[in-house]
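Working notes for the structure below.
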Amino acid sequence: MPGKGLAHTSQFHIFNHMVEYQTSRLDAVYGALSDGHRRKMLQRLSRRTLTIGELADPLPISLAAASKHIQILERAGLVRREKSGREYHITLVEKPLHDAAEWATRTAEFWERRLDQLEEYLNPDTKR
Amino acid sequence: MTTATIQAVRVQRTLNATPERVFDAWLDPEALGRFMRPGSEKRSADAVTDPRVGGRFIITMLGEGNVYPHTGEYLEIDRPHKLVFTWYSKATAMGKSTVTVELKPAAGGKTDLTLTHVGLPENEMANHNGGWTAIMDLLDGVLRS
């Protein structure tokens, strides 16, 4: 879980951990998230599984265009496609989102600690 | 359709010092050595800076028997308002990224600092138009649901 236990983990353990994240995978995730239509799709999928038609419905785009967007989400590992009868059902896969959020959490954590120390440097008399 | 790859975080802090003092701390090797180190590490980081646009810096952080070099290049130096530099750290797997430090004077001689760290693929210009906020909102929503 992002953020959990960070306070008890040393900074450099966090660094080592970060190497495990594949930058290319994160790039695919953020690339997939950089489009408004795809973000809307994901938002709706975070509530329940939907068909391609249901996903396209509220968006001002064709079924074919929606299908392309879904392919991009699939390649980023953000959704899973399952055939049921004549229709495809699209389900959200949360793990890549958690990983992406974790990059952000760890980077923010890194700078928060640096700013703590900048504060101490600027005001050495008011050390906590 | 533009699909700039974006990884970004923003942290904010109000510091009890003037914008000038805060700004100078980001370029002064001695100050950098003091605040660019892990909290558990008593020794200062080793910093070398060439504070001009196009100049470079190296900050070597020490910790747990290892050294962690961070390097970058100054892209914008506008004392005491804005400092922009590239940030490269092999250990963090952040790849090539850009850090922007913005300072605004606050009441009582304090300074509001906003640091934005944006990771971008090579050769792509930083044009994020607040896209990262949308992403973070989405992540928030998904992770909380």
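Rule-based calculations on the coordinates, nothing more; no lab input. Keep in mind the model is a prediction, meaning the values are calculated, not measured. Note: ideal-geometry Cβ built from the backbone for every residue, glycine included; neighbour counts use all protein chains shown.
Worth pointing out:
- All distinct Cα pairs of region A:25-128 go into the 1/r average, and the inverse of that average, the Kirkwood radius, is 15.8 Å.
- The alpha-carbon of A:Lys95 sits under 14 angstrom from the alpha-carbons of these aspartates and glutamates, leaving out residues fewer than 8 places away in its chain: A:Glu74, B:Asp140.
- Equivalent-ellipsoid semi-axes of region A:80-128, from the Cα gyration tensor, Å, largest first: 48, 6, 5
- Rg and Dmax of region B:5-117, Cα atoms only, in Å: 14.1, 42
- For A:Arg48 and B:Glu20, a Förster radius of 51 Å and the Cβ-Cβ distance give a FRET efficiency of 0.40, rounded to the nearest 0.05.
- Spacing of the two label points (7 Å from each Cα toward its C-beta) at B:Val48 and B:Arg79, in nm: 2.2
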